[in-house]
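Quick notes on the structure that follows.
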Amino acid sequence: MTKHTREQKIEIYHKRKSGVSISVLSKQYRINKSNIKYLVKLIDFKGEDILRKGKNRYYSPELKLEIINKVLIDKKSTYQTAIEYGLTSEGILRNWIKSYKENGYTIVEKRKGRSPTMKKVTKPINPNDKDAIIKAKDEEILRLKAENEYLKKLRAVIQSRKGQQPKTK
C-alpha cells in the first residue's frame with residue numbers, strides 16, 4: 001500500500017460511507033481492498049482521531065506483549081485485536097507475532113538510528129589472568145589470519161585485472 005495522507009484516508013472513509021464501492025476506491029487510490037475495509041472498520045471503531053498526525057507511533061514492549069498475548073493466549077483474531085488497539089494495519093501485529101516466535105518468545109525492539117562506526121574500546125587485560133591473555137592472543141591471531149586472507153585475495157584480483165587490460169606502449 002502506498003503512503004496516503006491523513007486527509008486522503010478520511011476522504012476514502014467518507015466516500016465509502018456515502019456508498020462508493022470498495023472496488024472503485026481501490027482503483028482510484030491504488031489501495032488493496034482489504035486495507036480499505038480495515039481502514040473503514042478502524043475509523044468506525046476508534047474515530048478519525050486514530051489516524052496519525054506527523055510522527056510514527058511508538059509501541060512499548062509491554063504493550064506489544066499485551067497485544068500479542070491477546071492473540072496467542074486469549075485466541076482473539078489478529079484483525080479484531082489490531083482494530084481494538086488502533087494499530088495502523090493488521091500486518092503490524094502479524095509481524096510482531098512472527099518476530100516474537102522467531103526470537104524465542106521474547107520481544108525484541110529494533111534499534112533506532114545508525115549503528116556506531118567507531119570501534120568499541122576494549123578493557124585492558126589483567127596481566128595475572130593467563131586464560132584472558134591466551135583468549136585475547138587467539139582472537140588477535142584469528143583476526144590477523146582473516147586480514148591476511150583478505151589481502152591475498154585482493155592482490156589476486158588486482159593481478160588478474162592487470163593481466164586483462166590491453167598493454168599500450
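The values are calculated or read from the model by the stated rules, or taken from the named source; none is laboratory data. Quick caveat, the model's predicted, so the values are computed rather than measured. Every residue, glycine among them, receives a Cβ derived from its backbone with ideal geometry; neighbour counts consider all protein chains shown.
Could you go through segment 149-160 and let me know if any residue there is in a loop (DSSP other than H, G, I, E, B) and surrounded by 10 or more Cβ atoms within 10 Å (Cβ to Cβ).
no
I need the helices (runs of 4 or more DSSP H) fully contained in segment 6-106, keeping only those with at least 2 residues that are without any contact (Cβ under 8 Å) to a residue 60 or more places away in the chain and touching a Lys or Arg at 6+ places or on another chain (Cβ under 7 Å).
Counting at least 2 such residues, we get 22-29, 33-46, 78-85.
Out of all the residues in segment 112-128, is one or more surrounded by 10 or more Cβ atoms within 10 Å (Cβ to Cβ), at pLDDT 80 or above and either within 24 Å of the chain's Cα centre (by Cα) or of a type outside the set (S, T, N, Q) (or both)? Quick ask: steps written out before the conclusion?
In the first step, residues of segment 112-128 are kept if they are surrounded by 10 or more Cβ atoms within 10 Å (Cβ to Cβ); the result is 125.
Next, only the ones that are at pLDDT 80 or above stay: none.
For segment 112-128, residues surrounded by 10 or more Cβ atoms within 10 Å (Cβ to Cβ), at pLDDT 80 or above and either within 24 Å of the chain's Cα centre (by Cα) or of a type outside the set (S, T, N, Q) (or both): absent.
Out of segment 12-35, which residues are among the charged types (D, E, K, R) and more than 29 Å from the chain's Cα centre (by Cα)?
K15, R16, K17 - these are the residues of segment 12-35 that are among the charged types (D, E, K, R) and more than 29 Å from the chain's Cα centre (by Cα).
Which residues, taken from segment 71-111, are loosely packed, with under 14 Cβ neighbours inside 10 Å and basic (K, R)?
Within segment 71-111, K75, K98, K101, K110, R111 meet the criteria.
Among (1) touching a Phe, Trp or Tyr at 6+ places or on another chain (Cβ under 8 Å); (2) within 20 Å of E62 (Cβ to Cβ), where does S89 come up short?
Condition not satisfied by S89: (2).
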